[in-house]
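Quick notes on the structure that follows.
The values are calculated or read from the model by the stated rules, or taken from the named source; none is laboratory data. What you see is a predicted model; the values in this text were computed from it and never measured. Quick reminder, even Gly has a Cβ in these numbers, built from the backbone with ideal geometry, and neighbours come from all protein chains shown. In case anyone asks, the SASA skips ligands and DNA or RNA and just uses the protein heavy atoms, side chains included. Shrake-Rupley method; radii C 1.70, N 1.55, O 1.52, S 1.80 Å.
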Amino acid sequence: MEKTVLIVDDDEMERGMICDVLSERYNIIEAESGNQAIKIIDDMHNTLSAIILDYMMSDGNGIDVLEHMNKTNDIKKIPVLMLTGERHNEVEKKCLEMGAVDYIKKPVEAVLVEIRTRNACNIFEYKRDLEAKVAKQMDTLQKQNRLLMIQSERIKKSKEKMGDVLGTIV
């Protein structure tokens, strides 16, 4: 399955450059505003592999998108890489605390954008695979536990019957 990356930036040239870098490896969806991004995320949250999200846009900022993703729990399912020209550590700290997995400073270096996106996608794919395996193992363990409980109850009843039989013999 080919991975899909949502690129959210109100700067068309910046967005285009990132699209060019990633389009050979990923399906690309573009959004030029936070509101547009939220609609896309709501519609496609099961198919998005990563989001590259600009911190500061004309209609607000990426924090609004992060807040929305936290409310819908999508922040745990889709890695978000923040993109910004801000140089303040407080901005970076806030983004990372809200669930962003990486922070890319403008002007971006094409190679770093590609590597960071690939790493985020791979880590989250690995995480999803592990979660699926754990869920499957939990299901198996619960089934085995139910069987053990049934067997335990049968053994207990058999033991009681044996005690009654032995009691009548003595």
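Things to note:
- Of residues in the range 43-60 being closer than 23 Å to Leu112 by Cα and not hydrophobic (A, V, I, L, M, F, W, C), the one nearest to the chain's Cα centre (by Cα): Ser49
- Residue within the range 113-127 that is open to solvent by 80 Å² or more (accessible area, probe 1.4 Å), within 22 Å of Glu32 (Cβ to Cβ) and over 18 Å from the mean Cα position of the chain (by Cα) present: no
- Residue among Lys77, Lys39 that is under 14 Å from the mean Cα position of the chain (by Cα) and surrounded by fewer than 17 Cβ atoms within 10 Å (Cβ to Cβ): Lys77
- Check on Gly16, on the phi > 0 side of the Ramachandran plot and open to solvent by less than 70 Å² (accessible area, probe 1.4 Å): no
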